[in-house]
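Working notes, beginning with the structure itself.
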Amino acid sequence: MSNKAPGSKKDPKDLRFEEAIEQLEAILEQIESGNVGLEESLAQYEKGMKLIGRCRALLSKAEQRIAELTGDEKEGLTIRENQAAAERWESNGGTPSGTSDRARDQNRGEDQNAPL
């Protein structure tokens, strides 16, 4: 684990995957230590959520690239869903959006399939 403070000045959008994970680990360690107050814990939690969004966006791009290289159509839908989520994350300024499209669609499907 790095001894870097979780309050790095680098924008999460500019981080490599490994850097984002390292910062997430530092944030987790800081919050779990119990040595920070509520306000600082909330600020670090918010930063952690942005870092998670960055990691998801990077992973989605990697999955898409792998699918393109392997020609794996079976994974195409999942990759398109992940890419859409990554694009939403980036368009929201690096903040997580609300309910995922998949969760929203599943909820709609349950309502439509309910007996009349």
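Miscellaneous remarks
- Packing here is the average count of other Cβ atoms within 10 Å per residue, and on that basis the peptides 31-39, 17-25, highest first, run 17-25, 31-39.
- Compared with the direct C-alpha span, the chain from LEU28 to LEU69 gains 11.2 nm at full extension, assuming 0.36 nm per residue.
Each value in this text was obtained by applying a stated rule to the coordinates, not by laboratory testing. Keep in mind it's a predicted model, so treat the numbers as computed, not measured. All Cβ positions, glycine included, derive from the backbone under ideal geometry; neighbour counts span all protein chains shown.
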